[in-house]
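The values are calculated or read from the model by the stated rules, or taken from the named source; none is laboratory data. All values derive from a computational prediction rather than experimental measurement. Cβ sites come from the backbone with ideal geometry, for glycine too, and all protein chains shown count toward neighbours.
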Amino acid sequence: MNIKESHTKLNTFSFTAWILREKKETELLLRCIPSTVVSLFVVSVICMNLLANKTLIQTYWIALDGGILISWLSFMCMDIITKYFGPKASNKISLLASAINVLTCLIFYIAGIIPSNANDYTALNGVLCGTWFILLGSTIAFLVSALINNFLNWTIGKAFRNNPDGKLAYAARTYISTFIGQFMDNLIFSIIVFVGFAPVFWNGFHWTVLQCTICALTGAAAELIMEIIFSPLGYRILNKWKKYNVGQEYLSYISGGKQK
């Protein structure tokens, strides 16, 4: 066996071992993380897509859709998971929520195109059969913003070494990461949909990059207000998890037997 073949087999073995390790860690996470939070997270991601069909406010400088009513819940769930289980766990749950959302949208689309004589057929199509590039834009924007939000939340929390579990630490890491994450979510979505695809598929309708940026800022500010209002609930949930040693098996596994 030559050196090249040895390296190839070693790389294959390492990749297989990594896959098996990640599989075991993910299965352990899904057994340990409270199902209520995961369920709320997944439902909120799905609802954001449905509620996005309803425009609440639209001017030259600001555009808010119905998704703002539930998007705070998605980011609050991510913040809770990141604080307690770590950013890697939150990223995995975010991928799970996105995958379920795409599958749900596919089922909705199939249900919408099935012929029906019901009076609400047209209305149902308008809600369930979303435009493909809107789903593409929202999925990419959410995944990128989730990675940014989780990384910032964890990094900011590391700065509070004296009292990492205090209210100030929780507020700082949650509010800053949420605002930036929501801004990137809105900005990426707007650019993909209204700068990239809309001019082609919507008869020339488009937004400028300036409009996208301003709307992303105003939308992030509005969503941050919702997060601030409900953040005490997230803080209480974290304290309850800590009190009852929730997910101890997973935490011990990823830290080599030491509580993080």
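Listed values, structure above:
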| quantity | calculated |
| --- | --- |
| Subset of segment 91-140 [over 24 Å from Asp185 (Cα atoms), part of a helix (DSSP H, G or I) and at pLDDT below 65] | Tyr121, Thr122, Ala123, Leu124, Asn125 |
| Some residue of segment 239-252 being β-branched (Val, Ile, Thr), over 16 Å from Asn149 (Cα atoms) and surrounded by fewer than 20 Cβ atoms within 10 Å (Cβ to Cβ) | yes |
| Leu10 being at pLDDT below 95 and surrounded by 11 or more Cβ atoms within 10 Å (Cβ to Cβ) | no |
| Qualifying position, being closer than 23 Å to Thr82 by Cα, among the acidic types (Asp, Glu), touching a residue at least 24 places away in the same chain (Cβ under 8 Å) and surrounded by fewer than 17 Cβ atoms within 10 Å (Cβ to Cβ), among Asp185, Asp165 | Asp165 |
| Filtered residues of segment 53-70 (kept if aliphatic (A, V, I, L, M), under 26 Å from Leu106 (Cα atoms) and modelled with pLDDT of 75 or more) | Leu56, Ile68, Leu69, Ile70 |
